[in-house]
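Working notes, beginning with the structure itself.
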Amino acid sequence: MINGRGSAVAFDHVSKSFGTKQVLHDVSFDVRAGEALCVLGRSGTGKSVTLKLIVSLIKPDQGKIWVEQDEITHLAESELSRVRRKMGFLFQDAALFDSLTLYENLALPLLRLTGKSQEEADLIIDKVLHQVGLAGDKKTMPSELSGGMRKRAGLARALVLEPKILLADEPSSGLDRITSSEIDDLLLMQKQEHNTALIVVTHDVRGAKRLGDRIVVLDKGRLIADGSFGQIEHSDSEVARNLVTE
Ligand SMILES: Nc1ncnc2c1ncn2[C@@H]1O[C@H](COP(=O)(O)OP(=O)(O)OP(=O)(O)O)[C@@H](O)[C@H]1O
Ligand SMILES: [Mg+2]
């Protein structure tokens, strides 16, 4: 039974509607520390809504959502801030502040959200920018970065906070194959070196195969398959099978 204990994130019979439109129906899954879960599904099936529920940007109508030992659906805002500190979110569009340099984009959340000193923050920023291959771009403005660099910058901003749980919404969309596999490598490294739980929404079948310890498939708001990539390839569901066929 899913109760959140022992899981980094768990959904327990979660449903969500917007107005009369139900976008998630009775969805349950869980992710452990050090595990990468890839979420596949056609456009409009509720993948981004699922990530937004995990960070409590929106609330479910029914069901429970666990982040480690906390059931978050009824937490007060002050408690939610504590829980959100465990999570990094790589948004689809990287969501950088355009008027700040790359360095400032990383330093701002780091200094505001943690008790780190300027010196400690600078060390972390240098390390992470080096990891994502942007060590020479501290003073670069976001508008001067390419699409792939922006993704890596967005990832760097999530990583400086040293999250235990990393959520990524289509980290490789719009990127060429080599650049997107570089992003996947960075996610894998984070998982292996820090035992981070990863939840990655993706349309990239090849990436999901390499990155995902487990795959869940959403279809019209229902979770129709949950298993290894090989299990999804042989799923009873034709929709699930088609999604993992390149
Ligand atoms: N704030 C909202 N208000 C009303 N409807 C919403 C809201 N957010 C999402 N929806 C609806 O919920 C459904 C699922 O949206 P979601 O963004 O999760 O899709 P998705 O699976 O991420 O699709 P894509 O692959 O295109 O990003 C869509 O029909 C969308 O219109
Ligand atoms: Mg989406």
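Report, in debye and to the nearest 20, how large the dipole of the chain comes out about its Cα centre when Lys and Arg carry +1 and Asp and Glu carry -1 on their Cβ.
That gives a dipole near 300 debye.
Taking only complete DSSP H runs, can you tell me which helices of the chain stretch 24 Å or more along their own long axis by Cα positions and average at least -1.0 on the Kyte-Doolittle scale?
Long hydrophobic helices here: 177-194.
Could you sort the peptides 26-34, 235-243, 179-187, 166-174 by per-residue average Cβ neighbour count (10 Å cutoff), highest mean leading?
166-174, 179-187, 26-34, 235-243
Using a probe of 1.4 angstrom, how much of the accessible area of the chain is carbon and sulfur, in percent?
Solvent-exposed carbon and sulfur of the chain make up 49 percent of the total.
Taking every DSSP beta bridge that has both residues in the chain, what percent is antiparallel when rounded to the nearest 5?
Given both bridge residues lie in the chain, the antiparallel proportion sits at roughly 50 percent.
How much net charge surrounds A76 when only the other residues with a Cβ under 12 Å from the Cβ of A76 are counted, with Lys and Arg +1 and Asp and Glu -1?
Around A76, the surrounding residues sum to -2.
Which of the peptides 56-62, 148-154 is most tightly packed, and how do the rest follow, going by the mean number of other Cβ atoms within 10 Å of each residue? Walk me through the numbers before you get to the answer.
Working: 56-62: 14.6, 148-154: 23.1.
Peptide ranking by packing, descending: 148-154, 56-62.
Could you give the accessible area per residue of the chain, probe 1.4 Å, as a whole number in Å²?
48 Å²
Strictly greater than 24 Å: what percent of every Cα pair in region 33-190 meets that?
36 percent
Could you list the residues of region 16-53 with an amide nitrogen less than 17 Å from a label point located 7 Å from the Cα of K59 in the Cα-to-C-beta direction?
Inside the label zone: 16-19, 52-53.
Per DSSP H run of at least 4 residues, take -39500 (n - 2.57); add these up for the chain, divide by its residues and hand me the 222 nm value, nearest 500 deg cm²/dmol.
Only helices count here, giving -11000 deg cm²/dmol.
Could you check the simple spin-label distance between T114 and E238, using points 7 Å along Cα→Cβ, in nm with one decimal?
In this crude spin-label approximation the distance works out to 5.0 nm.
Taking the Cα atoms of region 1-72, report the difference between the largest and smallest coordinate on each principal axis, in whole Å and largest first.
Over region 1-72, Cα extents along the principal axes are 35, 23, 22 Å.
For region 6-122, take every pair of Cα atoms, bin their distances at 5 Å starting from 0, and report each bin as a whole percent.
Bins of 5 Å from zero give 2, 9, 17, 19, 18, 15, 11, 6, 2, 0, 0 percent of pairs.
The values are calculated or read from the model by the stated rules, or taken from the named source; none is laboratory data. Fair warning: this is a prediction, and the values are worked out from it, not measured in the lab. Every residue, glycine as well, gets a Cβ built from its backbone with ideal geometry; the counts of neighbours run over all protein chains shown. For the accessible areas, the whole protein counts, side chains as well, though only heavy atoms, and no ligand, DNA or RNA atoms are used. Shrake-Rupley method; radii C 1.70, N 1.55, O 1.52, S 1.80 Å.
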